[in-house]
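Working notes, structure below.
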Amino acid sequence: MRTSTNASHASTRVVSSQRTHSRRASSRLRAVEGDDSQSASTSESFSLLPKDASDGLSRYRAVLGPLFFAGGALHVPDLFGSGVISDACGVDAFGDLSTPLQALTALWAFGGPATALGLANASFVGDVGVTVIASTEIILGIDFQDLIVPAELPTPIVVAQIVNLCSLVALRAWETSSKQRT
């Protein structure tokens, strides 16, 4: 009698175990199917074109924030005479740079991170920082290259800053016109 009871308990455990495995497999399948449907809906909802002005500005700021932070970080060593501008000019001290190069270096070293922070917080400070830094590089790169000799602003950087500034102006104009319509 004891053997038949043990066999009965064993078969109950097997059936119970099979149900547990079946439930786990079903849960895994639902999780996988959920992930697929979720990623499909995510990929269908993503667009290269912004939904509205706010979305456009948000994307613009998300791209530029890290770039302005990196630009600032790149110029901080120049404050100590060991960065890219210092190397281009062959100097070992910030004070040995010309006044326009000192101004450009300080603008980037302090303004780059401040601009990045402003962009990350979607504040007007970020937009002003972009405008000031981009305009300075455009003006120096086009009209006053002799002020920053022997350093130079490569043409692709000047063109990128022109595109950058035009993008900001266009996005802000779009935002303003959208607000006026509502």
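How many of the residues in the range 63-77 are under 19 Å from residue 134 (Cβ atoms) and touching a helix residue (DSSP H, G or I) at 6+ places or on another chain (Cβ under 6 Å)? Spell out how you get there, then give the answer.
If we filter the range 63-77 for residues that are under 19 Å from residue 134 (Cβ atoms), which is where we start, we get 63-75.
Adding the requirement that they be touching a helix residue (DSSP H, G or I) at 6+ places or on another chain (Cβ under 6 Å) leaves 64-65, 68-69, 71-72, 75.
Of the residues in that region, 7 qualify.
Take residue 105 and tell me if it is of a type in the set (Ser, Thr, Tyr), closer than 27 Å to residue 174 by Cβ, in contact with a helix residue (DSSP H, G or I) (Cβ under 6 Å, 6 or more places away or on another chain) and at pLDDT 90 or above. So that I can check it myself, show each step before the final result.
Details: of a type in the set (Ser, Thr, Tyr): yes; closer than 27 Å to residue 174 by Cβ: no; in contact with a helix residue (DSSP H, G or I) (Cβ under 6 Å, 6 or more places away or on another chain): yes; at pLDDT 90 or above: yes.
No, not satisfied.
Considering each residue of the range 154-176, count those that are part of a helix (DSSP H, G or I) and more than 19 Å from residue 122 (Cβ to Cβ), and give that number.
Kept after step one, since they are part of a helix (DSSP H, G or I), are these residues of the range 154-176: 155-176.
Right, trim to more than 19 Å from residue 122 (Cβ to Cβ) and you get 155-163, 166.
Residues in the range 154-176 being part of a helix (DSSP H, G or I) and more than 19 Å from residue 122 (Cβ to Cβ): 10 in total.
Just wondering, is there one or more residues in the range 83-96 that are out of contact with any Pro (no Cβ under 9 Å at 6 or more places or on another chain), modelled with pLDDT of 90 or more and among the aliphatic types (A, V, I, L, M)?
Yes, the range 83-96 has at least one match.
Output the number of the condition that residue 108 fails; it satisfies all remaining conditions of (1) under 29 Å from residue 54 (Cα atoms); (2) surrounded by fewer than 16 Cβ atoms within 10 Å (Cβ to Cβ).
It fails just one condition, (2).
Which of the residues spanning the range 162-182 are basic (Lys, Arg) and surrounded by fewer than 11 Cβ atoms within 10 Å (Cβ to Cβ)? Break it down into steps so the answer makes sense when it comes.
As a first pass, look at the range 162-182 and keep what is basic (Lys, Arg): 172, 179, 181.
Within the range 162-182, 179, 181 meet the criteria.
Give just the number: which of (1) under 17 Å from residue 72 (Cα atoms); (2) buried (at least 19 other Cβ atoms within 10 Å of the Cβ); (3) small (Gly, Ala, Ser) does residue 141 not satisfy?
Answer for residue 141: the failing condition is (1).
As an exercise: evaluate residue 151 against (1) surrounded by 15 or more Cβ atoms within 10 Å (Cβ to Cβ); (2) outside any loop (DSSP other than H, G, I, E, B) and give the number of the one condition it does not meet.
Residue 151 satisfies every listed condition except (2).
Every residue, every condition in (1) outside the structural domain of residue 145 (by TED's automatic domain parsing); (2) aliphatic (A, V, I, L, M); (3) exposed (fewer than 14 other Cβ atoms within 10 Å of the Cβ), yes or no:
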position: 63; (1), (2), (3): no, yes, yes
position: 76; (1), (2), (3): no, yes, no
position: 79; (1), (2), (3): no, yes, no
position: 96; (1), (2), (3): no, no, yes
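Within the range 124-149, count every residue that is hydroxyl-bearing (Ser, Thr, Tyr) and under 21 Å from residue 84 (Cα atoms). Explain how you work it out, then say what you get.
Residues of the range 124-149 hydroxyl-bearing (Ser, Thr, Tyr): 131, 135-136.
Still in the running and under 21 Å from residue 84 (Cα atoms): 135-136.
Number satisfying all stated conditions: 2.
Table: residues versus (1) over 20 Å from residue 166 (Cβ atoms); (2) of a type in the set (A, V, I, L, M); (3) over 23 Å from the mean Cα position of the chain (by Cα).
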site: 97; (1), (2), (3): yes, yes, yes
site: 130; (1), (2), (3): no, yes, no
site: 136; (1), (2), (3): no, no, no
site: 147; (1), (2), (3): yes, yes, yes
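The values are calculated or read from the model by the stated rules, or taken from the named source; none is laboratory data. Treat the numbers as computed from the prediction; the structure is a model and nothing was measured. Note that we place each Cβ from the backbone using ideal geometry, even for glycine, and neighbour counts take in every protein chain shown.
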